[in-house]
Amino acid sequence: MSGGTLDRRAVAAKLVQTADAAPGGPLLVVCGLGSAVYDIGAAGDRPENFYLWGAMGGAAMIGLGLALAQPTRRVLVVTGDGEALMGMGALATVAAMAPANLSIVILDNGQFGETGHQRSHTSLGTDLSVVARGCGWRNVAVVDDMAGVDALAPRLQTEALLAVIRISAAEVPRFLPPRDGAMLTLRLRQAIGVAPD
Amino acid sequence: MTELPWQDQVYAALKSAGVKQLAYVPDAGHARVIAMAHEDNDMHAVVCTTEEEGIALSAGAYLGGQRSVLLMQSSGVGNCINMLSLPINCRMPFFTIITMRGEWGEFNPWQVPMGSATEAVLKAAGVHVRRAERADEVVDIIAASATLAFDSHIPVAVLLSQRLIGAKVWTK
């Protein structure tokens, strides 16, 4: 049901490899609490990355609010299975709104990696791709090899897609991107061109 | 000129404040405003499965340059506490309007514990709380509180008292 063999850093790097050439302007990337923050940060910090160091379960809804506010830009939420499970209702809320410019990637290693590698629900029977379909997502992908990640990456910038990528649970070195929320907020708004208030 | 019902004036106040995204978990006391939001092509009306979703939506809206509001009832406040760290850490505005249960002619005892704790819990989590008791003060309080939230970048909640909303009638 869960977990896989893919190296999470290689997957994250591929997901954002062409982020700055996304349709409508540089891809806006919301990273859910946990290792997704380190993975996307390690691929190269950029002002369009918004890292969540808390607010567990909120990543998809932040992506929705941003996508509704910026309909000409592309938004990508990258999160883990634990964070997605905590905010599972948001998969229904986002599907109900069906923004055309938002995709969600769930890096699924079947574990709560931050807290001691306890098995998550995706190791215990839950399939988040099926949950997403049940919530009304029509465009759902499950990827478990790098060829699949290569094929997925451009689709994340043009479709409204939810993808579950099965990654290895192996530990990788920590990479700590900035965690000052006010700074991250200000720089993202400036990068988008939102006037200060 | 006939004065509009206060619920209609609330919607007008939200529009005047520049609100473009309205998240909600329904409550009868918000029904009119929710219906108006769905009829408005210039408002994203977002039904949430749980109230903290609305806080995260508000954060995303702010990142993208839009203003938002979350409508909920007092029982939903308990679902929100950890997510309130998001606007506070990020120095973002957050604006919510909360209909109170469990405080005035309440029939359902299950509403009382959270209704009694709502104001204290919000304050403990760092939210500025205002309370409207009378129909003739609701719109002023909402307009001033929206300004406080959006212009001072702080989380602000307006509580609409159960006496104002009217206790839910269960029996005839």
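Structure notes:
- Tabulated pairs, segment B:11-32, first under 19 Å from residue B:100 (Cβ atoms), second modelled with pLDDT under 95, C-beta under 6 angstrom, 6+ apart or interchain: B:29/B:165; B:32/B:7
- Within segment B:63-81, if we keep just the residues that are at the interface with another protein chain (Cβ under 7 Å from one of its Cβ atoms) and without any contact (Cβ under 8 Å) to a residue 40 or more places away in the chain, the residue that is surrounded by the fewest Cβ atoms within 10 Å (Cβ to Cβ) turns out to be B:65.
- Residue within segment B:113-126 that is surrounded by 24 or more Cβ atoms within 10 Å (Cβ to Cβ) and part of a loop (DSSP other than H, G, I, E, B) present: no
- Every condition in (1) of a type outside the set (D, E, K, R); (2) buried (at least 23 other Cβ atoms within 10 Å of the Cβ); (3) within 14 Å of chain B (Cβ to nearest Cβ); (4) more than 19 Å from residue A:124 (Cβ to Cβ) holds for residue A:57 except the one numbered (4).
- Residue selected from segment A:159-197 under the condition in contact (Cβ under 8 Å) with a residue 12 or more places away in the chain and among the small types (Gly, Ala, Ser), by the criterion surrounded by the fewest Cβ atoms within 10 Å (Cβ to Cβ): A:170
- For residue A:126, the conditions (1) closer than 18 Å to residue A:60 by Cβ; (2) of a type outside the set (A, V, I, L, M, F, W, C); (3) touching a strand residue (DSSP E or B) at 6+ places or on another chain (Cβ under 9 Å) all hold with the exception of (3).
- Each residue in segment A:33-51 was checked for being out of contact with any Lys or Arg (no Cβ under 8 Å at 6 or more places or on another chain) and more than 8 Å from chain B (Cβ to nearest Cβ), and 11 pass.
- Residue match in segment B:26-41 (condition: surrounded by fewer than 23 Cβ atoms within 10 Å (Cβ to Cβ), modelled with pLDDT of 95 or more, assigned to a strand (DSSP E or B) and touching a strand residue (DSSP E or B) at 6+ places or on another chain (Cβ under 9 Å)): no
- Residue match in segment B:9-18 (condition: surrounded by fewer than 24 Cβ atoms within 10 Å (Cβ to Cβ), touching a strand residue (DSSP E or B) at 6+ places or on another chain (Cβ under 9 Å), part of a loop (DSSP other than H, G, I, E, B) and not basic (Lys, Arg)): yes
- Residue match in segment A:12-27 (condition: in contact with a helix residue (DSSP H, G or I) (Cβ under 7 Å, 6 or more places away or on another chain), surrounded by 22 or more Cβ atoms within 10 Å (Cβ to Cβ), among the charged types (D, E, K, R) and in a helix (DSSP H, G or I)): no
- Subset of segment A:124-158 that is over 17 Å from the mean Cα position of the chain (by Cα) and closer than 18 Å to residue A:32 by Cβ - its residue that is surrounded by the fewest Cβ atoms within 10 Å (Cβ to Cβ): A:126
- Of all residues in segment B:13-24, those satisfying the criterion of being away from chain A (no Cβ under 14 Å) and either over 19 Å from residue B:46 (Cα atoms) or touching a helix residue (DSSP H, G or I) at 6+ places or on another chain (Cβ under 8 Å) (or both) are B:13, B:14, B:16.
- Filter result for residue A:79 (more than 22 Å from residue A:35 (Cα to Cα) and of a type outside the set (Gly, Ala, Ser)): no
- All positions within segment A:71-86 that are within 11 Å of another protein chain (Cβ to nearest Cβ) and surrounded by fewer than 24 Cβ atoms within 10 Å (Cβ to Cβ): A:71, A:72, A:73, A:86
- In this structure, residue B:54 qualifies as touching a residue at least 40 places away in the same chain (Cβ under 8 Å), assigned to a helix (DSSP H, G or I) and buried (at least 22 other Cβ atoms within 10 Å of the Cβ).
The values are calculated or read from the model by the stated rules, or taken from the named source; none is laboratory data. As the structure is a prediction and not an experimental result, all values here were calculated from the model. Every residue, glycine as well, gets a Cβ built from its backbone with ideal geometry; the counts of neighbours run over all protein chains shown.
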